Amino acid sequence: MDAYNALNPLGLTRADIIPDGTTIPVYEDENKTVFWTKEGETCLERTVWKDFGSLLDANVAEANEFSKTGKLGEMVRVASIPLGIYQDWKAKGYLDDPVKMARLLNDGDHSKFRTNGLVI
């Protein structure tokens with residue numbers, strides 16, 4: 001018997017446990033809160049990210065100070081990603097795909113993660 005089945009001898013799923021139309025928080029840390037919502041026979045998972053505006057403001061300030069004409073050296077920081085989003089991207093496998101990461105960080109939707117104006 002594996003560890004999950006040892007903890008769940010009845011084989012229940014989250015959809016079996018949560019009453020229909022109910023939303024419950026199931027996980028919370030300093031970066032996010034995860035909720036499960038039961039809708040009919042399905043159970044949806046929703047993640048709510050907490051405020052990380054100060055990090056984004058610092059990224060914008062660093063990007064504004066960055067000089068494309070200055071000497072870059074071997075290592076140049078291109079982004080600062082909030083921990084919760086980093087963990088989410090890691091779980092989705094994005095961090096292991098350089099092409100996907102370049103696409104994400106070059107995308108205007110994620111421009112505030114960028115700490116310079118270079119194209120990756």
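Of note:
- Considering residues of region 50-96 that are among the hydroxyl-bearing types (Ser, Thr, Tyr) and assigned to a loop (DSSP other than H, G, I, E, B) only, the residue modelled with the lowest pLDDT: 69
- Only a single criterion out of (1) out of contact with any Leu (no Cβ under 9 Å at 6 or more places or on another chain); (2) open to solvent by less than 60 Å² (accessible area, probe 1.4 Å) is not satisfied by residue 82, namely (1).
- Scanning region 20-49 for residues that are modelled with pLDDT of 85 or more and open to solvent by 80 Å² or more (accessible area, probe 1.4 Å) turns up 20, 25, 27, 28, 39.
- Residue within region 31-43 that is among the acidic types (Asp, Glu) and within 30 Å of residue 15 (Cα to Cα) present: yes
- Residue list for region 17-66, filter: among the small types (Gly, Ala, Ser) and more than 22 Å from residue 110 (Cβ to Cβ): 21, 40
The values are calculated or read from the model by the stated rules, or taken from the named source; none is laboratory data. Bear in mind the structure is a predicted one, so any value in this text is a computation, not a measurement. For neighbour counting, all protein chains shown are included, and Cβ atoms are generated from backbone atoms with ideal geometry for every residue, glycine included. All accessible areas refer to the heavy atoms of the entire protein, side chains included, with ligands and DNA or RNA removed. Shrake-Rupley method; radii C 1.70, N 1.55, O 1.52, S 1.80 Å.
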